[in-house]
Amino acid sequence: MVLVSGSTRDGSTNTALLRTMKACAPQDVTAELYGGLVDLPAFVPGGDEQRDHPAVADLRKQLARADAVVFSTPEYAGTLPGSFKNLLDLTVGTGELNRKPVAWVTVAHPGRGDGAQATLATVLRYVDADVITSACVRLPVSRDSVGPDGMVTDPVVIDGIAAIFRQIHAHLDAQAE
């Protein structure tokens, strides 16, 4: 499973949630936090130089080998951050997310983050990702619930993470049948 944060900011609650998710992964799940967002070149339609860029190759390799992908992104100016949209654009037409089971976690408190969530849903439909609706949840994370180790300490969030893993596991099991 690949965990992708849409934030490039140190101290991001989105990244803290995914870091905590990685640490809480069940024994039978290998969760990998993608860390190359800031290294990706700008998407250029038809840009052959992107195909050979090491950061793009690494992104595509990680996504292709993952059984599932979980995204968590902040909202900037009512939509996805540009760097995160760029990451998604780099997968359009290349197939790494095609029929790939995906989910997202919104860490914003109610009334915030809805524009980013709506745009993410649109893009994931466009690339024909297999959205696990039951695993797409809002788990509000306050900055004061992130410990000095960058991990979320809120037990409600920890329980929510466990529920996400159960939903993804059930979805993957149903696909295998």
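Can you tally the net charge around Ile161? Count Lys and Arg as +1, Asp and Glu as -1, for every other residue whose Cβ sits under 15 Å from the Cβ of Ile161.
Spelling it out: positives minus negatives among the neighbours equals +2.
Could you do me a favour and compute the accessible area per residue for the chain, 1.4 Å probe, result in Å²?
Value returned for the chain: 49 Å² of accessible area per residue.
For the range 48-98, which trypsin sites (Lys or Arg not before Pro) pass both filters: DSSP loop (anything but H, G, I, E, B) and at most 16 other C-beta atoms within 10 Å?
none
Sum -39500 (n - 2.57) across every DSSP H segment of at least 4 residues in the chain, then divide by the residue count to get the 222 nm mean residue ellipticity, nearest 500.
-12000 deg cm²/dmol
Over the Cα atoms of the chain, how large are the radius of gyration and the largest Cα-Cα distance (Dmax), in Å?
In Å, with Rg to one decimal and Dmax whole: 15.4, 46.
Pop the C-beta distance of Asp10 and Arg125 into the FRET formula with R0 = 25 Å and round what comes out to the nearest 0.05.
Calculated transfer efficiency: 0.20.
Need the list of aspartates and glutamates near Lys61 for cross-linking: C-alpha distance under 16 angstrom, and skip anything on the same chain fewer than eight residues off.
Output for Lys61: Glu32, Asp39, Asp52, Asp89, Glu96.
What helices in the chain pass both tests, a Cα length along the helix axis of 30 Å or more and a mean Kyte hydropathy of 0.0 or higher, using whole DSSP H runs?
Sorted by number, the helices that extend far enough and score high enough are 155-176.
Using alpha-carbon pairs under 8 Å, 6+ residues apart, how would you state the relative contact order of the range 47-177 in percent?
Answer for the range 47-177 is 23 percent.
The values are calculated or read from the model by the stated rules, or taken from the named source; none is laboratory data. Everything numeric in this text was worked out from a predicted model, so none of it was measured. Using ideal geometry, Cβ is built from the backbone for each residue, glycine included, and neighbour counts are taken over all protein chains shown. Accessible surface areas use protein heavy atoms only, side chains included; no ligands, DNA or RNA. Shrake-Rupley method; radii C 1.70, N 1.55, O 1.52, S 1.80 Å.
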